[in-house]
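Worksheet: the structure to be examined is printed underneath.
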Amino acid sequence: MATDTTKKSWVQKTPNVCGGDACIRNTRITVHGLVHYRQLGLSDERILEVIQGLTQNDLDAAWDYYAGHAAEIEEAIRLNEEA
């Protein structure tokens with residue numbers, strides 16, 4: 001099980017990668033994309049089936065990040081939907 005410190009290190013913002021949006025540990029998988037899947041009704045199990053290489057700890061880190069940065073993630077979802 002990942003600790004809170006480990007989970008925080010798994011969510012990264014890198015300039016010029018996915019527009020600097022929060023992503024899961026050295027990937028191009030955005031937190032806002034994962035949250036949007038969940039809002040659309042996908043279970044954690046289904047998300048893990050759809051996105052190869054993703055782990056439950058990755059999802060836990062994304063949900064934790066969203067809990068602390070909801071406005072940022074909701075805005076990213078909105079902007080992505082408009083694009």
Cα-based Rg then Dmax for the chain, in Å, read 11.9, 37
If one builds a Gaussian network model of the chain from Cα atoms under 10 Å apart, the most fluctuating residue listed among Gln56, Gln12, Gln39 is Gln39
Expected unfolding gain across Ala67-Gln52 under the 0.36 nm per residue rule, minus the alpha-carbon gap, is 3.0 nm
Checking Asn26, Asn57, Asn16 against a Gaussian network model of the chain (alpha-carbon springs below 10 Å), the top fluctuating residue turns out to be Asn16
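Where a number appears in this text, it was derived from the coordinates with a stated rule and is not lab data. What you see is a predicted model, and the numbers here were worked out from it, not measured in a lab.
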